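Reading through the structure tokens given below for one structure.
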Amino acid sequence: MTVDTTPNALRERQVRVDPPTERRRGRASEIRVLIVDDDARFRALARTVLMARGYTIAAEAADGAQARAAARRVHPDAALVDVRLPDADGLALARELTGIDPRMRILLTSTDQALGTHRALTSRPTVGFVPKDELAITDLKPWLGG
């Protein structure tokens, strides 16, 4: 799939949910992100996108257990979490991760765009949603900081 990333095309994209009102301060390079997805190819894509935007990858995890361990070990500022993991529900994992660090920003992602309208995703100020196929063209700063 080819994605138009020209400035005009990017301006036309709509964010699915309002960004949180309290944002972490700092440059993107200071924001450490945990990537959680069972698909190694998507983790590689996410790593590339995030690093190209100046974020630091704190760790990667293929499932909920690895994500919890990594969050405790590296204390990331933010996490990009797949909604559907082999051993965990992404929304429940988001709650657990913010339990580890209430300041952690969580950006959920999925191939199912309909999940972006789910009320539970918008009920917490630290949780946002971006469809996987829009990650490369979405402004992540409102969610991850930077």
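The values are calculated or read from the model by the stated rules, or taken from the named source; none is laboratory data. These figures come from a predicted structure and were not determined experimentally. Every residue, glycine among them, receives a Cβ derived from its backbone with ideal geometry; neighbour counts consider all protein chains shown.
Tell me yes or no: at least one residue of segment 24-33 is modelled with pLDDT under 95, of a type in the set (Gly, Ala, Ser) and over 15 Å from PRO142 (Cβ atoms).
Applying the first criterion (modelled with pLDDT under 95) to segment 24-33 yields 24-30.
Now restrict to residues that are of a type in the set (Gly, Ala, Ser): 26, 28-29.
Filter again for over 15 Å from PRO142 (Cβ atoms), leaving 29.
Yes, some residue in segment 24-33 is modelled with pLDDT under 95, of a type in the set (Gly, Ala, Ser) and over 15 Å from PRO142 (Cβ atoms).
One line per residue, one yes/no per condition, for (1) out of contact with any helix residue (DSSP H, G or I) (no Cβ under 9 Å at 6 or more places or on another chain); (2) in a loop (DSSP other than H, G, I, E, B); (3) at pLDDT 95 or above; (4) surrounded by fewer than 19 Cβ atoms within 10 Å (Cβ to Cβ):
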{"residue": "ARG16", "(1), (2), (3), (4)": "no, yes, no, yes"}
{"residue": "PHE42", "(1), (2), (3), (4)": "no, no, yes, yes"}
{"residue": "ALA46", "(1), (2), (3), (4)": "no, no, yes, no"}
{"residue": "VAL49", "(1), (2), (3), (4)": "no, no, yes, yes"}
{"residue": "ALA70", "(1), (2), (3), (4)": "yes, no, yes, no"}
{"residue": "PRO86", "(1), (2), (3), (4)": "no, yes, no, yes"}
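Please find, within segment 62-99, the residue that is nearest to ARG41 (Cα to Cα) out of those that are β-branched (Val, Ile, Thr) and touching a Gly at 6+ places or on another chain (Cβ under 6 Å). First the steps, then the outcome.
Of all residues in segment 62-99, those β-branched (Val, Ile, Thr) come to 74, 81, 83, 98.
Adding the requirement that they be touching a Gly at 6+ places or on another chain (Cβ under 6 Å) leaves 81, 83.
Values: VAL81: 14, VAL83: 16 Å.
That would be VAL81.
I need the full set of residues from segment 35-86 which are in contact (Cβ under 8 Å) with a residue 60 or more places away in the chain, over 11 Å from the mean Cα position of the chain (by Cα) and farther than 12 Å from LEU144 by Cβ, in order please.
Result: PHE42, LEU45.
Can you name the residue in segment 90-132 that is assigned to a loop (DSSP other than H, G, I, E, B) and under 19 Å from LEU50 (Cβ atoms) and is also modelled with the lowest pLDDT among such residues?
By that ranking, first place goes to THR126.
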